[in-house]
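Please read the structure below before turning to the comments.
The values are calculated or read from the model by the stated rules, or taken from the named source; none is laboratory data. No experiment lies behind these values; they were computed from the predicted model shown. Counting neighbours? That spans all protein chains shown, and the Cβs are built from the backbone with ideal geometry, glycine included.
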Amino acid sequence: MVAKLSQIVLLGAFGVFSALGTAHAATVVALGASNTFGKGVSRSQSYPAQLETLLRAKGLNVRVINAGVNGDTTGGMLARLDRVVPKGTSVVILQPGGNDRRKLAADNTPAIQSRLSAMGIKVIMLPNGMLHGLPHQPDGQHLTPEGYHSLAEELAGQVAAALGK
């Protein structure tokens, strides 16, 4: 009976410590359009999913939220900012994409950066230039799984530094 009670207490303590570890995970939000969403690949092959895997492999307790929407503009990103960036977020990776130019929409990148900074969130800009030279799908716009992996590898150091790790 005592052994059984000890096992229950031990399992309960393990559960509490596991929950605490998850609760204290740093939150990173990837905000952008189709190349953030991972158009043309599975969700697990998108750069935010691969970035989380890479950061965890380095020992960082981090959760990366994919807030990418196909075809989104910076106006759309600004409009949904409060919904997709939870309180306590440490870092936002902002990838404005090229949809503003295609849709002749205003560039709201400075407004997004300003709002995030006012919330105390560090911003890592992901310019479209970072996508050049990476493997693309036949459409020439979106990356392959390997391209998204290379992008995640390029961002991992920046995100770790922004988290102070």
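In segment 46-68, how many residues are more than 20 Å from Pro145 (Cβ to Cβ) and touching a Phe, Trp or Tyr at 6+ places or on another chain (Cβ under 6 Å)?
Within segment 46-68, residues that are more than 20 Å from Pro145 (Cβ to Cβ) and touching a Phe, Trp or Tyr at 6+ places or on another chain (Cβ under 6 Å) number 0.
Filter segment 132-148 for residues that are surrounded by fewer than 19 Cβ atoms within 10 Å (Cβ to Cβ) and either within 16 Å of the chain's Cα centre (by Cα) or closer than 16 Å to Gln50 by Cα (or both) and give the result.
Taking segment 132-148 and keeping what is surrounded by fewer than 19 Cβ atoms within 10 Å (Cβ to Cβ), we get 132-141, 144-146.
Within segment 132-148, Leu134, Pro135, Thr144, Pro145, Glu146 meet the criteria.
Take the residues of segment 90-101 that are under 10 Å from Leu31 (Cβ atoms) and at pLDDT 95 or above: which is surrounded by the most Cβ atoms within 10 Å (Cβ to Cβ)?
This residue is Val92.
Just give me the residues in segment 73-89 being crowded, with 17+ Cβ neighbours inside 10 Å, assigned to a loop (DSSP other than H, G, I, E, B) and under 16 Å from the mean Cα position of the chain (by Cα), in sequence order.
Val85, Thr89 - these are the residues of segment 73-89 that are crowded, with 17+ Cβ neighbours inside 10 Å, assigned to a loop (DSSP other than H, G, I, E, B) and under 16 Å from the mean Cα position of the chain (by Cα).
Could you check how many residues of segment 128-165 are touching a residue at least 24 places away in the same chain (Cβ under 8 Å) and either assigned to a loop (DSSP other than H, G, I, E, B) or over 27 Å from Asp107 (Cα atoms) (or both)?
Selection size over segment 128-165: 11.
Modelled with pLDDT under 95, surrounded by fewer than 21 Cβ atoms within 10 Å (Cβ to Cβ) and under 26 Å from Gln141 (Cβ atoms): does that describe Ala111?
Working: modelled with pLDDT under 95: no; surrounded by fewer than 21 Cβ atoms within 10 Å (Cβ to Cβ): yes; under 26 Å from Gln141 (Cβ atoms): yes.
No, not satisfied.
Select, from Val16, Val41, the only residue that is touching a helix residue (DSSP H, G or I) at 6+ places or on another chain (Cβ under 9 Å) and either at pLDDT below 95 or crowded, with 16+ Cβ neighbours inside 10 Å (or both).
Working: Val16 fails: touching a helix residue (DSSP H, G or I) at 6+ places or on another chain (Cβ under 9 Å).
Result of the check over Val16, Val41: Val41.
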